[in-house]
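Here is the structure we will look at, set down as structure tokens.
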Amino acid sequence: MPSSPTQQMSAPVRHRELADELMGELASARYPVGARYPTEHELQNRFGVGRHTIREALKIMTEQGLLGRRRKTGTVVLATRPPSTYVHTLRDFDGLFDFAHTTDLRILHTGFVSRPRLLPPDLQQEGDGRWFRVAGIRHRKGQSEPLCWSEIMVPARFAPDRAAVEAGDRAVYEITLDGHGLKLGHVEQDISAVALPATLAASLEAGDVRAGLLVRRRYVTATGETFEISLNTYPADRYSVRSILRKRTDALLA
């Protein structure tokens, strides 16, 4: 009996891509709620990937409320789709960037703008004041309900390949980094409460909700240059952040 395309893969599957595939299986009711979920070893044999890849994929699914661990029964299915609130767990850079790989952006606008008002005054003048703008509605993968309104601003001198952006299969920051040979230094994140305009609430199918959360991230190169600003506006009941803070070890402090 011939093996499936998945079984034939020789290259390791990235954990985010594997998580997408496994979440798609849950959405199709392959494993009902309450059922035992395959073990790490079983998934390793099925997909032909390393233990770390499996663990990271399962971690994403657990953080989205899809899987849970129970004594004696192991890992069980808690839900076939993520809950209505998007829970973003931050452990490290991977946790920050998982957002771009567990959601899809339906792009509605692309093009250059001058001194966008959405940016703070000190950033509006960045470079020559011209920015490449990408805007649209973001959804969780495999779901139709809007999650947030996304605005992505890239200084004109770092403008990414437009065709690559519109293809929608990679995050804008990845395209920009690769296209200009940049190295990521750090990412700053701010979360603030905002009023949700009626027009935006309608686009996000938020009903009468007028409270929103604005998540702004500033991506900075290793040399200190801003190469992207992202602004994601959510109805307040659709987003929460969970941060995991670990104590530094003596070895790290030495």
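The values are calculated or read from the model by the stated rules, or taken from the named source; none is laboratory data. Not measured: the values here are computed from a predicted model. FYI the Cβ positions are ideal-geometry reconstructions off the backbone, even for glycines, and counts take in every protein chain you see. Surface areas here come from the heavy atoms of the whole protein model, side chains and all, with no ligands, DNA or RNA. Shrake-Rupley method; radii C 1.70, N 1.55, O 1.52, S 1.80 Å.
Would you mind checking the range 179-214 for residues with the amide N under 20 Å from a putative spin-label position 7 Å along Cα→C-beta of Leu108? Answer for this model: 194-214.
Stretching the chain fully between Gln124 and Val241 yields a gain of 39.4 nm (0.36 nm per residue, less the alpha carbon separation).
Between Arg115 and Ala193, the simple label model (points 7 Å from Cα in the Cβ direction) yields a spacing of 3.2 nm. Charged side chains reduced to their Cβ positions (Lys and Arg at +1, Asp and Glu at -1) give the range 89-226 a dipole of some 260 debye around its Cα centre. Between Glu40 and Ser203, full extension at 0.36 nm per residue minus the direct alpha carbon distance yields a gain of 54.7 nm.
Rounded to the nearest 20, the size of the Cβ-charge dipole of the range 149-189 about its Cα centre is 160 debye, with Lys and Arg at +1 and Asp and Glu at -1. Largest to smallest in accessible area, the residues Met23, Met61 fall in the order Met23, Met61 (1.4 Å probe, all protein chains included). Measuring only protein heavy atoms, the 1.4 Å probe finds Ser28 accessible over about 80 Å².
Residue ranking by accessible heavy-atom surface, 1.4 Å probe, largest first, among Leu196, Leu184 comes out as Leu184, Leu196. Measuring between their Cα centroids, the range 154-179 and the range 128-146 lie 13 Å from each other.
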